[in-house]
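S.K.: Below are the structure tokens for one structure; questions will follow.
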Amino acid sequence: MGLSEKNATVHDVQPEEHHSSTLDDNEGYNEPPREQSLHRGLKARQISMIALGGAVGTGLIIGSGTALRRGGPLGLLLGYAFVGFVCYLVMVALGEMAAFLPHKKGFAGYATRFVDPALGFALGWNYLLKYLIVTPNNINAAGVVVQYWTQSVHIAIWMGKIFVVNLLGVRVFGELEFWFSSIKIVALIGLLLMGIIIDLGGNPHHDRIGFRYWKAPNGPMGKYLLDQVHDSSLSIFLGFWATLTNALFAYIGTELIGVTVGEAENPRRNIPIAIRRTFYRILVFYVGGVFVIGLIVPSTNDSLFVATKSKTGAAASPFVVATTLVGIRVLNHVINGAILIFVMSAANSDLYIGSRTLYGLAIEGKAPSIFKRVNSLGVPYPALLLCTAFCSLVFLNVHTSGAKVFGWFVNLVSTFGALTWMTIAYSHIHFMRALKAQGKSRDDLPYKAPFQPWGSWFALISTGIITLFKGFDTFLPWNVANFITSYIAVPIFFVLWLGYKLIFKTRVILPKDVDIVTGLRAIDEEEEQYLEYEKAKGPQGRFGKIWDAL
């Protein structure tokens with residue numbers, strides 16, 4: 001059954017009268033007018049790479065050192081594998097909604113439309129706050145990386161670079177991000193191969209490491225806060241639990257595919273492709289990466305990056321520590337150069353997503369209307385300027401070490417990101433209920449998420465538990481700054497949700513009243529025009545097919 005046939009039954013049904021908790025009419029569900037609209041210029045290969053560029057960054061390349069210290073090699077592997085599975089469940093849930101309704105309002109629009117406008121408001125601003133923080137976090141990480149070579153490079157240079165790239169429009173941004181992320185993939189594969197070779201004895205010491213670091217006194221499990229809890233078994237469990245928080249931070253950002261749908265070419269085809277590739281990305285780069293790290297670096301090594309240290313640098317990356325331990329010196333500079341590309345690519349994507357999130361809120365009437373403005377290239381420049389201004393948060397490291405600021409940002413970002421995952425899963429649960437209540441089969445959707453409906457419930461509950469207990473170590477001993485940064489996002493989210501609900505008197509939309517019709521016809525027409533344009537270009541050559549497959 002073709003896509004147009006799948007949607008024919010939807011279009012033949014007139015939208016039912018909606019509950020008063022929704023918008024007054026369906027105009028708020030339509031796409032913005034052309035002069036206020038983003039341009040669909042992102043190709044499938046660029047969307048996949050942007051998702052990789054935004055997700056693979058400091059959490060894996062630098063932050064995994066903290067997780068290794070606390071959880072040991074086995075705890076690190078189990079923690080990243082578990083959170084990776086949760087991440088995949090969130091992604092497929094988002095992919096099902098995004099392929100069905102690839103609108104330009106981000107996934108906050110799905111919460112508004114399928115659950116409650118108040119939830120959409122809270123999610124949108126929660127996600128914006130996350131990107132207002134994570135962008136300077138990655139710029140801060142870039143400053144930490146450059147310190148490996150010199151102290152004289154001003155951090156404002158990185159801010160200017162990512163602003164200019166984003167200002168040039170989605171096509172330039174998409175192409176640059178594609179190549180940056182391509183370098184990241186090559187570098188990651190190189191690092192994984194290097195780690196395996198080092199482990200098998202291909203190093204200057206000709207020392208075959210094997211699983212040596214998985215044995216006492218290094219592994220397989222780490223002992224965290226042993227001096228505080230005075231119980232070896234509890235210390236091992238706390239070490240494993242600490243890896244879940246680090247893993248959550250590492251995976252946060254994968255969901256940004258839900259924001260790119262507004263600028264994706266042929267989104268009903270390209271979004272599912274990007275979602276399916278997420279599984280292999282998680283398995284190879286994240287799970288494979290931490291497995292290799294656990295083989296070549298002892299968890300007891302003092303050089304590993306720990307956010308409470310006052311002095312550190314890019315040399316604290318587990319990969320750089322590994323080369324230092326076996327006496328490989330020149331390669332350190334190459335690895336640090338790759339890490340710099342990693343974090344700057346992530347910062348570039350972060351600024352893009354932050355500006356698009358603010359634009360989506362403005363389109364829905366949940367942010368000042370000035371942020372609806374776009375230039376001739378389709379760039380929401382007022383939103384971009386505001387998000388760039390928040391990058392000045394990076395100057396917090398003037399009075400505090402870059403490592404400590406990194407730790408604060410990790411706490412904030414992981415909580416904001418966890419709330420986003422939970423809301424996406426909850427929105428998907430309501431979406432499935434709405435389809436069932438209105439007699440629509442999920443088999444007819446452009447993309448059907450696997451492991452449902454229990455998958456979204458599992459992701460929602462698991463992420464909630466991790467978030468609730470993520471700041472346990474702030475009590476051992478008591479640390480005010482870490483406690484605030486670990487949990488402040490939760491009351492902010494509920495204040496946003498409750499405030500909007502009380503002011504606008506919204507209620508949760510009943511499944512039978514959810515609007516699953518408005519806007520679909522416009523998206524179908526846009527897709528048909530794109531397919532006709534592609535058909536007019538003629539058949540692709542062999543090189544073009546290979547390029548698109550990549």
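S.K.: Quick one: which of 506-513, 166-173, 336-343 comes out on top by average Cβ neighbours within 10 Å, and what's the full order, highest first?
M.R.: Taking the mean over residues of other Cβ atoms within 10 Å, the ranking is 336-343, 166-173, 506-513.
S.K.: Please compute the modelled spin-label separation between LYS505 and VAL334, points set 7 Å along Cα→Cβ, answer in nm with one decimal.
M.R.: 6.8 nm
S.K.: Within 10 Å, count the other beta carbons around each residue, average over each peptide in 479-485, 455-461, 192-198, and list them highest first.
M.R.: 455-461, 192-198, 479-485
S.K.: ALA437 to ALA522: extension gain in nm, 0.36 nm per residue of separation minus the Cα-Cα distance?
M.R.: That pair, ALA437 and ALA522, stretches by 28.2 nm at full extension.
S.K.: Report ILE466's accessible area, 1.4 Å probe, all protein chains in place, as a number in Å² to the nearest 10.
M.R.: It works out to around 10 Å².
S.K.: Also, quick follow-up: Greater than 32 Å separation of Cα atoms is the criterion. Which listed pairs, LYS372/LYS501; LYS366/LYS535; LYS130/LYS161, meet it?
M.R.: From LYS372/LYS501; LYS366/LYS535; LYS130/LYS161, over 32 Å: LYS366/LYS535.
S.K.: Report the percentage of all Cα-Cα pairs in the stretch 341-393 whose separation exceeds 17 Å, rounded to a whole percent.
M.R.: The calculated P(r) of the stretch 341-393 puts 36 percent of pairs beyond 17 Å.
The values are calculated or read from the model by the stated rules, or taken from the named source; none is laboratory data. Remember, predicted model here, so these are calculated numbers, not experimental data. Virtual Cβ from ideal backbone geometry, glycine too; neighbours counted across all protein chains shown. Surface accessibility is based on the protein's heavy atoms, side chains included, excluding ligands, DNA and RNA. Shrake-Rupley method; radii C 1.70, N 1.55, O 1.52, S 1.80 Å.
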